[in-house]
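The values are calculated or read from the model by the stated rules, or taken from the named source; none is laboratory data. Everything numeric here is computed off the predicted structure, so don't read it as measured data. Backbone-built Cβ (ideal geometry, glycine too); neighbour counts: all protein chains shown.
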Amino acid sequence: MSQFNSDSSANKDLIKGALDVDPWLEPFSPQLINRQLQFKEWHESLLKSEKSLDSFASSYEKYGVHADWNTKQITVTQYVPDVKEVSIVGDFNHWDPNSHKLVQANNFGLWSLTIDAVDGEFVIPHDSRYKISMLLPSGERIYRLDPWVIRATPSTENTLYEGRFWNPNPSDVYKRKTPRPKNKDGIKIYEAHVGISTPEAKVGSYKNFTTKILPIIHRLGYNSIQLMAVMEHAYYASFGYQVTNFFAASSRFGSPEDLKELIDEAHRR
């Protein structure tokens, strides 16, 4: 599978650091080397299509559903290869797949649509539900969450999650007050889970963590926090390991603005 030779002495240098720290890993050298080689192969493939890993990880800035407050236009961009049609459906158009169809931008799976304002307002209301509808070559129509959705909430009718168009008024968007800190003395990490950070018999919130837990962590001398279960996940008991939406902050704990406030307050301390 890999173009690299896992038996070469050069490749053994890939895991030298790990073996220096823990010589007991020596019997597992082939597996460790293979993992490193697969990463190198994947990374080289990625750089052929993307400028950098940062560019790849920032796909949410281009794809998904984005609003322009100056024009009140909404731009929908999706990567969906091997389908006949793509449309955005939701509460705003009564879930009609024929109402707002995306246009195929190229032959490689890129689809897009610009939804102009109506009477000077956004067509899709803030925090309303939406999904992406696709017509398969077989003729079957399917509905899926937008892979780049930034907010998803559990349905009250079934176990499926529902995408939300998160587009608060600019005056309601949390504004950062503290610049990103520069730590020159190394980090001391405190791992935490927002949901279980309260003694009460309920799921904790970003707000509660900000006001009650951050002061405790700071007082204990920690300067970094590793938050578990930040990305949206359907199964709460998984502690966030079963991610369902990579760009959506978990809605169980509050809104994206609440999470921004938590992070900003952590930086202030």
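Among the residues making up segment 72-106, those that are in a loop (DSSP other than H, G, I, E, B) and surrounded by 13 or more Cβ atoms within 10 Å (Cβ to Cβ) are Lys72, Val80, Val83, Trp95, Pro97, Ser99, His100, Leu102, Ala105. The number of residues in segment 119-156 that are under 25 Å from the mean Cα position of the chain (by Cα) and closer than 22 Å to Asn169 by Cβ comes to 16. Taking segment 144-169 as the range and being in a loop (DSSP other than H, G, I, E, B) and of a type in the set (Ser, Thr, Tyr) as the test, the residues that pass are Ser155, Thr156, Thr159.
Filtering Arg180, Arg176, Arg129, Arg141 for residues that are surrounded by fewer than 19 Cβ atoms within 10 Å (Cβ to Cβ), over 25 Å from Met231 (Cβ atoms) and of a type in the set (Lys, Arg) leaves a single hit, Arg141. Based on what the data block shows, is Lys48 of a type in the set (D, E, K, R), at pLDDT 90 or above and outside any loop (DSSP other than H, G, I, E, B)? The answer is no for Lys48. Among the residues in segment 237-257, are any surrounded by fewer than 17 Cβ atoms within 10 Å (Cβ to Cβ), in a loop (DSSP other than H, G, I, E, B) and in contact (Cβ under 8 Å) with a residue 60 or more places away in the chain? No, because not a single residue in segment 237-257 is surrounded by fewer than 17 Cβ atoms within 10 Å (Cβ to Cβ), in a loop (DSSP other than H, G, I, E, B) and in contact (Cβ under 8 Å) with a residue 60 or more places away in the chain. Reported count of residues in segment 198-221, each being modelled with pLDDT of 95 or more, among the hydroxyl-bearing types (Ser, Thr, Tyr) and part of a loop (DSSP other than H, G, I, E, B), is 1. Summed over segment 107-135, the residues that are out of contact with any Asp or Glu (no Cβ under 8 Å at 6 or more places or on another chain) and part of a loop (DSSP other than H, G, I, E, B) give a count of 10.
Within segment 178-197, the residues that satisfy the criterion of being in contact with a helix residue (DSSP H, G or I) (Cβ under 8 Å, 6 or more places away or on another chain) and either in the same structural domain as His66 (by TED's automatic domain parsing) or not in a loop (DSSP other than H, G, I, E, B) (or both) are Tyr190, Ala192, Val194, Gly195.
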